[in-house]
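In what follows, a single structure is set out as structure tokens and then discussed.
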Amino acid sequence: MSQSGRIGNGGTASLAVPHLAPPSRLLEGRDRRIPEHWWGYVLLAPAALLVFGLILYPVVYSFWLSLNAKHAYLPLQTFVGLENFRFFMTDYDGFWRSLKLGAIYAFGSVTLQTVVGVGVALLLNQSFIGRGFVRALALFPYMLPTIVVVILTRWIFNDSYGVVTYALKNIGLMPIEMAWFAPETIMLTLILVSTWTFFPFIVIGVLARLQTIDPELYNAAQVDGASTLRRFWHITLPQISSVLFVLVLLRFMFMFTKFDMIWLFAGAGGLGYYVRTLPIYTFVKTFGEMQVGMGAALSVILFLLLAAFAALYFQILKRHRE
Amino acid sequence: MTMKHWKRPLKTAVGALALSVAAAFVTPAFAQKVVSVWHTEPNPKTKAVIEEIIADFQKANPGIKVEQEALGWGDLDKKMQAALASGALPDLAQGQTYNERSLSAKGMLRPLNDVVASIGENDIFDVVKKLDYNTKDKNYYGLAHAVGVDLIIYRKDHLRQAGIPDAPAKTWKEWIEQLKKLTDKSKGKYGLSLAGPGFFINEDVYMWAGSNGGRLFDEKGRPTFTEKPVLEMLAFWKELSDCCLAPDWLSRDYLATFADLATGKTSMILGYGRGTGYFEQYAPDLVAKGDIGVFSSKPVGPSGKSFVTQFDSEPWMIFKNAKHPEEAAAFLKFFYKKENYLKYIKSVPVHFFPITKSMRQNPEYLAIADFKQWKFWIDAQHQVIEKNDPRPVMITQWADLDLPFIAEIAGSTILVDMVTDAVKGGKTPLEAAQRAQQRAEQLITQLGYKRW
Amino acid sequence: MNSGVWRASIYVLAVGIAVICGFPLLWMALTSIKPDREILSAVPSLWTQGPHLDAYRRLFSDTNFGIYFWNSIKVAGASTLLTIIVASLAAYGITRFRFRGREFVAGTMLFTYMFAPIMIIVPFYILMRALGLINSHTGLILSYTTFSLPFAMWLLRSFFQSIPLDLEEAAMIDGASRPQAVLYVVMPLALPGVIAVSIFTFIVAWNDYLFVRVLIGTDRLKTLTVGIQDMFESSVTDWGMVMAAGVMITIPALIFFLAVQRYLIAGWGTGGVKG
């Protein structure tokens, strides 16, 4: 009995599609006295305990907090019902603006990450000298801690000492009056840097999938005279679409809820107003204004938005499939 | 093991148990009292000095152990809040100036009159008394550790080259004219470099509004952002930003401004004496030539008569309900003894301006090596402390110290956005101020502090 | 398309990607060895007149960087190990036993990630305080494990599903107990998935900022992310030293990554696509 090795190379043969054997076969012999579903529960228990205890419980508590006005560290708490939510509905400059900024950031960076990610994955799927080296470099930005990326970016895009700014302005690709970290450009800079940092996530998923596509499909198409573009559109894209679907959804959720990148980049300073997405606004309300109840209300709204988005996303996909 | 064989280990075990139980009862009498001390000077020199002072104190006071915890300035707030929320308070801590009043109002602080008496009340500079002495119940609830003052730091060589006399501008109008002469955008040179983080913008709002004869809150605590002095300040800020600040100044942090001064990208910055170390490291030639100077005054606005600047002092506070407040007080008295306080000051001499007049005139203090180069900086700070009524950070008027919502307003980005709106956001000063006013009133009401 | 042009453009793009991804890191390393004056010069130079390692010396002697470094490794390593164990148990349990709510796992993953940490951080803090896990590495390890579990379970479940039951049964017929069968037969085949999970969890833990910022108060317990930021913002900044810190953080991630990157792609390929 053999399993072709997935380990260590890009993968060639595919594994057999699994299907579960009837469970009773598993429990012949010594284990027969123990009811089978018990084992399942036992094995699942540690994971379930952690997830329910440390995530779901705070979530429920968060829902409760959102109905209160609570100070961050003084013992002041009063029940206010839906008052927090009512406040945000008319909070145009705060809440609605943060939604707008968050949407711009999420859509902008996810789109770029996807385009660049798929492109780079396609490139890395070709064979060429030094591919391993380029692949390692291309995936590397994802491994850097956010604080390093932020420090690095602020250093090389610095208006006075930054090497990139210096180079671009000297070549003439960048106007002298422009600065990467000014109110008009900060969102763009943030999106570009986020793309650089997170596109490898897409590359990893897409590249893996690309490597399992049967080369026969391409050969057949080439014999039939299909151009590169048509081969991409009709073979590659459909093959990667299922994995891309999940990746894009995850990236959108991560970008829309991204906190540390934006906060360390500009959230705490004078430019904060121009990048105050919903997570940043939540942080300011909770730890700046000390209003924990309002922060919790924003979290609840954020969750509802994401749930709605995911539902919509799945619907569109279902309809697209039909 | 057989019955016989485990009798002996059993006896040993029982004996050990008995001994340890006895020890547990006896040791409390000799138990060490551990005093926890938090401070906001994580730089290695100061930490080492405090360790020395602690060692000497412990030698003189067997039975008391002192543990220091050096926090970054930003960490202090968080840790303090967590401690307040959970009740696990330190014995002695440096704290925020605006917290001192609110904590003492809640009865959480141990009065420090005995510590002040041991130093000599008349020896302490008035500005410290204004901060730490509660005139209502006649108690000191905090004690500043030092009082470094924020001044304009400038490049003398730049002024010479631009033909500007080596004297401070008296009004905002004069200052802008000076700065315009010092700015050359095509060369990437800007007259002034301001720090962009929200904290510093807040500070500048408080100082500049004050220098324009204005205030931010009235007697009832209601925000007064739409009053003329504040609007004039916003207009001035916009003019300043357009003519003489780098386009990305909002993203520059405090130390970047020092870098700008050191490399010649700017001619003036606002800062504290701690920066001397930075100049010595990154621009030793400038220091040697004496091209770094400070002005002992700041310009006033059209509606102002005297300038307002701030001093940086995290006051020591002792929590009444901590484990060992009395021992903490003993340590604090020891800390301020001449020989120990001098050691402390020596760790950051140009920034740690002493709180006592006697230390200021102490010959050992005056002989500190750094002062050969930087004596003028200390003298400038001294002048401001004696004559110009500097304020603690985060307030404009002394009465603001009693407002319970200073921290929340500071953390809320309301003032920062007001400046950004007026300076870069295309709004008129009135529009920016009105929006900030509305947000501030809303926040104060939501916090339950509305009194008007 | 002309294959010559095709090949050329591939190389051009490859070089472009390498430069864009690699240059910032190179610059960081370069800055860390430049003398202080050169760092702040108006004209950045591509090489340095007097390279020296003084910034690194300052980093390790003047700051707690070494401590932060060790803390990060400890916490990230423990979280990774714990996640693999717990997730493997759970994934195995779900795939090998008939189970009500099996599909629940996939749904849970998505559901859980809709609660980004920033959203629940305050009740999380209150909960951890009640459990006495504030200001402890245990608290951090449990947090990272918990947040990695949904993704880890989802990934490993796909792997286990694709490994036929016959293998374990054959082993057990040959006399192995079930745990042995799992450990020696199943797990090696799921290795790419395990590696993918370990990379994901390690990075989550290594790079985390928010949890450390909120849960840890003592300087000695900080990990690199918060420690570096505080160093960067403290009153004594030092670009050379900060860049040296960046280099030091990058190196272990780089080593770890280079060692396992082949498995990474393999892991995704097998597990990630089904379903």
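Among B:148, B:436, C:229, whose Cα sits farthest toward the positive end of the charge dipole of the protein assembly as shown (+1 at Cβ of Lys/Arg, -1 at Cβ of Asp/Glu, about the Cα centre)?
C:229
Please report how many Lys pairs in the range B:227-312 have alpha carbons closer than 27 angstrom, counting only residues at least 8 apart along the chain or sitting on separate chains.
9
Give the separation of the Cα centroids, the range B:365-411 to the range B:130-183, in Å.
9
Which order, highest average first, do A:184-192, A:284-292 follow once you tally other Cβ atoms within 10 Å for each residue and take the mean per peptide? Could the numbers behind the result be given before it?
Numbers: A:184-192: 18.9, A:284-292: 23.8.
Highest mean packing first, the order is A:284-292, A:184-192.
Only Cα pairs under 8 Å and at least 6 apart count here; give the relative contact order of chain B as a rounded whole percent.
Value for chain B: 24 percent.
Taking amide H atoms as placed 1.01 Å from N in the peptide plane, list the residues 5 or more away in sequence, or in a different chain, whose amide H sits under 5 Å from that of residue B:35.
HN-HN under 5 Å from residue B:35: B:65, B:66, B:67.
Compute the Cα gyration tensor for the range A:148-207, then decide on rounded, prolate or oblate, letting a ≥ b ≥ c be the square roots of its eigenvalues: rounded whenever a/c is under 1.5, prolate when a/b is larger than b/c in the other cases, and oblate in all that remain.
Prolate, because a/c is 1.5 or more and a/b exceeds b/c.
Determine the shape class of the range A:228-272: with a ≥ b ≥ c the square roots of the Cα gyration tensor eigenvalues, call it rounded for a/c under 1.5, and otherwise prolate if a/b is greater than b/c, oblate otherwise.
Because a/c hits 1.5 or more and a/b exceeds b/c, the range A:228-272 counts as prolate.
Would you kindly derive the ³J(HN,Hα) couplings of the range A:44-53 from the backbone phi angles with the Karplus curve 6.51 cos²θ - 1.76 cosθ + 1.60 (θ = phi - 60°), listing them in order in whole Hz, with x for Gly and Pro?
7, 3, x, 4, 5, 4, 5, 5, 5, x
What are the ³J(HN,Hα) couplings of the range A:247-261, residue after residue, when phi is run through the Karplus curve with 6.51, -1.76, 1.60 and θ = phi - 60°? Round to Hz, x for glycine and proline.
4, 5, 4, 4, 5, 4, 5, 5, 6, 5, 9, 5, 10, 5, 4
Within a 10 angstrom radius of each residue's Cβ in B:35-43, how many Cβ atoms of other chains show up on average? Whole number is fine.
Whole-number average of other-chain Cβ neighbours for B:35-43 is 2.
Relative contact order for chain C: what is it in percent, counting Cα pairs under 8 Å that are at least 6 residues apart?
Rounded, it is 32 percent for chain C.
Quote the charge dipole size of the range B:104-218 about the Cα centre in Debye, to the nearest 20; the model charges only the Cβ of Lys and Arg (+1) and of Asp and Glu (-1).
The calculated dipole for the range B:104-218 is roughly 520 debye.
Cα centroids of the range A:168-222 and the range B:222-258: how far apart, whole angstrom?
36
Would you list, by chain and number, the lysines whose Cα falls below 22 Å from the Cα of residue A:100, excluding same-chain residues fewer than 8 positions away?
A:258, A:285, B:424, B:427
Note down the magnitude of the dipole of the protein assembly as shown about its Cα centre, charges +1 on Lys and Arg C-beta and -1 on Asp and Glu C-beta and zero elsewhere, to the nearest 20 debye. Walk me through the numbers before you get to the answer.
Numbers: 99 positive and 82 negative charges, 400 e Å.
My answer is approximately 1920 debye.
Could you identify which residue out of C:49, C:161, C:229 has the top mean-square fluctuation in a GNM of chain C using Cα springs shorter than 10 Å?
C:49
Across peptide C:160-168, how many C-beta atoms of other chains are within 10 Å of each residue C-beta, on average?
Mean number of neighbouring Cβ atoms from other chains: 5.
With unit charges on the beta carbons (Lys and Arg positive, Asp and Glu negative) and the dipole taken about the Cα centre of chain C, which residue among C:210, C:89, C:161 sits farthest to the positive side?
C:161
Using Cα pairs closer than 8 Å and at least 6 residues apart in sequence, work out the relative contact order for the range B:334-452, in percent.
For the range B:334-452, the relative contact order is 14 percent.
5 Å is the cut-off here: which amide hydrogens, built 1.01 Å from N in the peptide plane, fall below it relative to residue B:134, excluding neighbours closer than 5 in sequence?
Under 5 Å from the amide H of residue B:134 lie the amide H atoms of B:139, B:140, B:141, each far enough along the sequence or on another chain.
What is the packing order of peptides B:213-225, A:306-318, A:122-134, B:388-400, taking the mean over residues of other C-beta atoms within 10 Å and listing the highest first?
On the way: B:213-225: 18.1, A:306-318: 13.0, A:122-134: 15.0, B:388-400: 19.6.
Most protected by this proxy first, the peptides run B:388-400, B:213-225, A:122-134, A:306-318.
Only four residue types carry charge here, +1 at the Cβ of Lys and Arg and -1 at the Cβ of Asp and Glu. Report the dipole size of the range B:330-452 about the Cα centre in Debye, rounded to the nearest 20.
400
What are the ³J(HN,Hα) couplings of the range A:197-208, residue after residue, when phi is run through the Karplus curve with 6.51, -1.76, 1.60 and θ = phi - 60°? Round to Hz, x for glycine and proline.
Working through the residues one at a time gives 6, 10, 4, x, 4, 5, 4, 4, x, 6, 4, 4 Hz.
Give the percent of DSSP beta bridges with both residues in the protein assembly as shown that are antiparallel, rounded to the nearest 5.
Bridges in the protein assembly as shown that DSSP calls antiparallel: roughly 60 percent.
Amide H neighbours of residue B:292 under 5 Å, at least 5 residues apart or on other chains, H built in the peptide plane: list them.
B:156
Using a Gaussian network for chain C with springs between C-alpha atoms less than 10 Å apart, which of these wobbles most: C:172, C:128, C:187?
C:172
How many angstrom lie between the Cα centre of the range C:143-176 and the Cα centre of the range C:1-73?
40
Classify chain A from the C-alpha gyration tensor, please: rounded if a/c falls under 1.5, else prolate or oblate depending on whether a/b exceeds b/c.
oblate
Would you check the range B:313-392 for Lys pairs whose C-alpha atoms are within less than 15 Å, ignoring same-chain pairs closer than 8 in sequence, and give me the count?
Lysine pair count for the range B:313-392: 8.
Rank B:363, B:350, B:332 by how far each Cα sits towards the positive end of the charge dipole of the range B:302-401 (+1 on Lys, Arg Cβ; -1 on Asp, Glu Cβ) and give me just the farthest.
B:363
Within 10 Å of each Cβ of C:123-134, how many other protein chain Cβ atoms are there on average?
Numbers: counts 12, 7, 3, 6, 5, 2, 4, 1, 2, 0, 1, 3.
Mean partner shielding for this stretch: 4.
Report the residue, chosen from A:44, A:229, A:74, that carries the largest GNM mean-square fluctuation when chain A is represented by alpha-carbon nodes joined by springs under 10 Å.
Most flexible of the set in this elastic network: A:44.
Where a number appears in this text, it was derived from the coordinates with a stated rule and is not lab data. The structure presented is a predicted model; accordingly, all values stated were derived computationally and were not measured. Here the Cβ is made from the backbone with ideal geometry for all residues, glycine too, and neighbour counts use every protein chain on show.
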